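Here's the structure, in structure tokens; my notes come after.
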Ligand code: C5P
């Protein structure tokens, strides 16, 4: 696959979940393993790109050849890291499962159980990393992911338009696909087209995704 499709290009990839701390021992997270994003980073390296990998809390080693890895925990940290890394980058592939909300306040000490009473947490909205990049006058070619449990095509195409992305990779979560699984299946959408990438291992799927991104990227810059 060492095809040079992205030779000379700087690609930023985000991967994994975010953890939003409640107190020093508890957090709100999600089931993203980071495997898809790490496979995408590896496929970009194989395509000849210089790759910056922004990783949420995952226990994965960086693929060989990744130029720079930035480890983050929260959505706010990922937002700052991606914005910094994306300045001047050619492509940003957002494979991270970013938490939409965070506890409004992080308790400085472990919260104590109050027996017999409910605990109410107020959640504040996190910044949307992709949307804030697409709002910049100059930004990289933007690729988002949409993991959905139902109405995949509708939600994905809506995200493509709403977040002003160049491409979105949609996958159905569940039935042995998506989070915490080896296999995945994707449908890619862009303005005026789509492509099905049928069920395959995440490494193979990532290579097909990256080939398609490279093709659309060249088309966009032509
Ligand atoms: O969470 P959602 O399904 O809207 O995610 C769609 C895309 O938007 C993903 O690529 C995700 O990485 C990105 N996203 C983001 N910032 C957020 C939430 C999601 O960049 N706060």
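State whether the residues of the stretch 98-108 include one that is within 26 Å of residue 216 (Cα to Cα), outside any loop (DSSP other than H, G, I, E, B), within 11 Å of the ligand (Cβ to nearest atom) and in contact with a strand residue (DSSP E or B) (Cβ under 8 Å, 6 or more places away or on another chain). Don't jump to the end; show me each part of the working.
First, pick out the residues of the stretch 98-108 that are within 26 Å of residue 216 (Cα to Cα): 98.
This time we only want the ones that are outside any loop (DSSP other than H, G, I, E, B), so: none.
For the stretch 98-108, residues within 26 Å of residue 216 (Cα to Cα), outside any loop (DSSP other than H, G, I, E, B), within 11 Å of the ligand (Cβ to nearest atom) and in contact with a strand residue (DSSP E or B) (Cβ under 8 Å, 6 or more places away or on another chain): absent.
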message = Condition first: in contact with a helix residue (DSSP H, G or I) (Cβ under 6 Å, 6 or more places away or on another chain), closer than 19 Å to residue 44 by Cβ and crowded, with 17+ Cβ neighbours inside 10 Å. Can you find one or more residues in the stretch 99-116 that meet it?
response = no
inquiry  = Can you tell me how many residues within the stretch 1-25 are out of contact with any helix residue (DSSP H, G or I) (no Cβ under 6 Å at 6 or more places or on another chain) and surrounded by fewer than 15 Cβ atoms within 10 Å (Cβ to Cβ)?
reply    = 6
key: Scan of the stretch 37-55 for residues that are in contact with a strand residue (DSSP E or B) (Cβ under 6 Å, 6 or more places away or on another chain) and touching a residue at least 60 places away in the same chain (Cβ under 8 Å), ordered by number   = 40, 44
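Here is a check on your reading of the model: is residue 94 more than 8 Å from the ligand (Cβ to nearest atom), surrounded by 15 or more Cβ atoms within 10 Å (Cβ to Cβ), touching a residue at least 12 places away in the same chain (Cβ under 8 Å) and under 30 Å from residue 183 (Cβ atoms)? Let's see the steps before the verdict.
On the way: more than 8 Å from the ligand (Cβ to nearest atom): no; surrounded by 15 or more Cβ atoms within 10 Å (Cβ to Cβ): yes; touching a residue at least 12 places away in the same chain (Cβ under 8 Å): yes; under 30 Å from residue 183 (Cβ atoms): yes.
No.
Does residue 149 satisfy the criteria of being over 17 Å from residue 167 (Cα atoms) and either touching a strand residue (DSSP E or B) at 6+ places or on another chain (Cβ under 9 Å) or in contact (Cβ under 8 Å) with a residue 12 or more places away in the chain (or both)?
yes
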key: Matching strands (runs of 3 or more DSSP E) fully within the stretch 1-86 where at least 1 residues are within 13 Å of the ligand (Cβ to nearest atom)   = 10-15, 20-23, 50-55
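Just so you know, all these numbers are worked out from the coordinates, no wet-lab data involved. Here the structure is a predicted model, which is why all the values come from computation and not from measurement. Because the Cβ atoms are built from the backbone with ideal geometry, glycine has one as well, and the counts that use them run over all protein chains shown.
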